[in-house]
Amino acid sequence: MRPFRYERATDVSGAIAMVAAEPNGVFLAGGTNLVDHMRLGIAHPDLLVDVRRLTSDQIVELPDGGVRIGAAVTNSDLAVNRTIRHRYPMLTEAILSGASGQLRNFATTGGNLLQRTRCPYFQDLTTPCNKREPGSGCSALGGFNRDHAVLGVSEHCVATHPSDMAVALAALDAVVHTEGPDGERTIPLRELHRLPGDTPERDTVLAHGELITAIDIPALGFATNSHYRKVRDRASYAFALVSIAAALQVDDGTVRDVRVALGGVAHKPWRATKVEEALRGTPATEDNFRAAAVVELADARPLPGNAFKIPLARNVITRVLMDLAEEDR
């Protein structure tokens, strides 16, 4: 492991100033992803600034009926919170489907959003990877690509985003609060992560030294009728082949409102807006759910090893929406 400096700031502004002044400085919270990458030689920061105790570890209700989640709230605490379990069950289900109990106890909400891909080529220093070393090539294009993206891909990267929690938050229209060298800002979560384009090394729109401080989930009454379903190779500690976070409101057999986001299919949590647009105001039937899924996946660009994700995603979307329609009657 390369040598690095470790600092523990006393406040958020001090932490931001430290990282902003060091071109190769990073924030450290739970460290469940960053420390792994340092051990593998993928990440080699010169400075770690500990922010674990600087941002809030509380979940509070907002005046408008929404919820604010401090960036330091652990995944375990977020998943078992009574308000979250009741109002946003898809979020609880998403968190509990990821990692292990030990990791959830330590991983933070802000850090979870900033996980990097688990693409095997990204984690293997002996292979070319544009995300790890821009301009070196993408080994997955001609290699093992069963787990890779089918939506929003580019010739430079086909890696998928690993977070389950982020998929649910994307479906719930969550908003991320940050503070950085240029002040505070809010970012819709669906805009936080980037598609690869020709700069796959940039995972998010955050600037250097910009720190996530909280995440807001707006009030969404029908989110009580929601689910997160994850298809994976084994029952625990596996990343999604395809996952879905969905909430559905059905009145008199008609879809009044719907939210859908997909995981395991893109470089970022994929908000399935075409599904939503196709379904609002239509009968809540299996045929309509399947047709909407077909529309969403029409632009997919599968690789030889992951073409199975197209029918899999179509079937998962259809099945989860059918389950929610039956539960909302």
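The values are calculated or read from the model by the stated rules, or taken from the named source; none is laboratory data. Keep in mind that this is a model prediction, so the values were computed, not measured. FYI the Cβ positions are ideal-geometry reconstructions off the backbone, even for glycines, and counts take in every protein chain you see. Accessible surface areas use protein heavy atoms only, side chains included; no ligands, DNA or RNA. Shrake-Rupley method; radii C 1.70, N 1.55, O 1.52, S 1.80 Å.
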### Task
Would you mind telling me which numbered condition in (1) closer than 23 Å to Arg132 by Cα; (2) touching a residue at least 24 places away in the same chain (Cβ under 8 Å) Val205 fails?
(2)
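Grab the helices (runs of 4 or more DSSP H) fully contained in the range 221-329, keeping just those with 3 or more residues being touching a Gly at 6+ places or on another chain (Cβ under 6 Å) and at pLDDT below 95.
Helices (runs of 4 or more DSSP H) meeting the threshold: none at all.
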### Query
Restricting attention to the range 211-269, and to residues there that are among the hydroxyl-bearing types (Ser, Thr, Tyr) and open to solvent by 10 Å² or more (accessible area, probe 1.4 Å), which single residue is farthest from Asp57 (Cα to Cα)?
Thr254
#### Entry: Residues satisfying the stated conditions in the range 94-147, i.e. assigned to a helix (DSSP H, G or I) and more than 26 Å from Arg52 (Cβ to Cβ)
Ser139, Ala140, Leu141, Gly142
### Query
Pairs under 7 Å by beta carbon, first residue more than 19 Å from Val320 (Cβ to Cβ) and not assigned by TED's automatic domain parsing to the domain that holds Ala245 in the range 80-100, partner open to solvent by 30 Å² or more (accessible area, probe 1.4 Å) and part of a helix (DSSP H, G or I), six or more apart or different chains?
His86/Thr224
## Note on the structure
Over the range 184-203, the set of residues assigned to a loop (DSSP other than H, G, I, E, B) and open to solvent by less than 100 Å² (accessible area, probe 1.4 Å) is Arg194, Leu195, Pro196, Gly197, Thr199, Pro200, Glu201, Asp203
### Query
How many of the residues in the range 1-28 are outside any loop (DSSP other than H, G, I, E, B) and touching a Leu at 6+ places or on another chain (Cβ under 8 Å)?
12
#### Entry: The one condition in (1) under 29 Å from Leu220 (Cβ atoms); (2) in a loop (DSSP other than H, G, I, E, B) that Gly31 fails to fulfil
(1)
